[in-house]
Amino acid sequence: MSKTHLGHTARKRFGQNFLFDEYVIDQIVTAIGPESKQNLVEIGPGLGALTEPVADIVDMLTVIELDRDLAKRLREHPFIQSKLNVIEQDALKFDFASLASDAPMRVFGNLPYNISTPLMFHLFSFSQHIEDMHFMLQLEVVKRLCASHNDSLYGKLSVMARYYCEATPVVMVPPSAFKPPPKVDSAVVRLVPHKQPPVDLHSVTSLEKVVGNAFNQRRKTIRNSLKNLIDEASLNALDIDAERRAQTLSLAEFALIANHVFETKG
Ligand code: SAM
């Protein structure tokens, strides 16, 4: 399969797999459901597969693109350039709060898979400014985002996603929808940030620390994986069995441990 699409040769280091299947593009735009006055932000617009149909609907669309050549193409786009606010930057370092306005942001994109997990964590930190997000990701990452405790793919990403958002898979996408085709299946996930946090938490940093430690040694019991943060007597006092493993703990239980760690260790 050619790596060149619409006169642009896909760059692997930028995770470039361009969507060209019109049916899939339609399904994704329908799932996003853009409306004219909304504050839409696209990450990684590339050659415009999603940008063009969304720009046809909205008054103004902000796009964040790292590849200089693609950003230039979009600034010079023959039909939609007047509707685009093209930001040539790394989305991983971008301050999304700078785009907050009276209309909360709706963020979407067919993301570069090589940076999708760190990008999710980066975006979670701006969730108070975001109404919803629709992202094409590697199917396995979508499953991780949507996993509950005791699911095999449940991990740090699942717990933190659950703290910030409601996550739902909305469109399944085969490799044949892209040029060049990726080696893995893909899916679009809808992430809707909670208006109120689902658990009472003293510190997100404590939650990240506890969840990170627990899953870094996921085969160990939490008596061992969390021994530097909380002792067995304190786990018992929280009614959490020290023999359990990270995989079995719900967000609410992780939050109880994180609050204890925050109170005792800061
Ligand atoms: N949206 C297009 C489509 O669906 O055909 C392109 C999707 S392609 C998978 C990912 C896009 O993200 C590419 O245009 C790539 O240049 C861009 N990109 C890669 N890393 C980026 C980053 N750190 N920040 C912003 N854009 C990035």
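The values are calculated or read from the model by the stated rules, or taken from the named source; none is laboratory data. Treat the numbers as computed from the prediction; the structure is a model and nothing was measured. Cβ coordinates were reconstructed from backbone atoms using ideal geometry, including for glycine residues, and neighbour counts include every protein chain displayed. Ligands, DNA and RNA are stripped out before the accessible areas are found, and what is left, the full protein with its side chains, is counted by its heavy atoms. Shrake-Rupley method; radii C 1.70, N 1.55, O 1.52, S 1.80 Å.
Below is a table of values for the structure above.
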{"item": "Of the criteria (1) open to solvent by 20 Å² or more (accessible area, probe 1.4 Å); (2) under 17 Å from Ser158 (Cβ atoms); (3) under 27 Å from the mean Cα position of the chain (by Cα), which one Arg244 fails", "result": "(3)"}
{"item": "Count - residues of the stretch 12-49 that are closer than 19 Å to Asp132 by Cα and either in a strand (DSSP E or B) or in contact (Cβ under 8 Å) with a residue 24 or more places away in the chain (or both)", "result": "17"}
{"item": "Any chance Glu52 is under 27 Å from Pro174 (Cα atoms), of a type outside the set (Lys, Arg) and part of a strand (DSSP E or B)", "result": "no"}
{"item": "Check on Leu92, near the ligand (Cβ under 10 Å from one of its atoms) and over 17 Å from the mean Cα position of the chain (by Cα)", "result": "no"}
{"item": "Of the criteria (1) open to solvent by less than 60 Å² (accessible area, probe 1.4 Å); (2) farther than 30 Å from Leu47 by Cβ; (3) hydrophobic (A, V, I, L, M, F, W, C), which one Leu256 fails", "result": "(1)"}
{"item": "Unique residue being over 22 Å from Asp26 (Cβ atoms) and crowded, with 16+ Cβ neighbours inside 10 Å when the list is Arg68, Arg73", "result": "Arg73"}
{"item": "Single residue of the stretch 49-65 satisfying the filter (within 14 Å of Lys37 (Cα to Cα) and not aliphatic (A, V, I, L, M)) that is most open to solvent (accessible area, probe 1.4 Å)", "result": "Asp56"}
{"item": "Enumerated helices (runs of 4 or more DSSP H) restricted to the stretch 82-198, each holding at least 1 residues that are under 27 Å from Arg68 (Cα atoms) and touching a Pro at 6+ places or on another chain (Cβ under 9 Å)", "result": "116-124"}
{"item": "Val54, sole failed condition from (1) at pLDDT 95 or above; (2) among the aliphatic types (A, V, I, L, M); (3) away from the ligand (no atom under 13 Å from the Cβ)", "result": "(3)"}
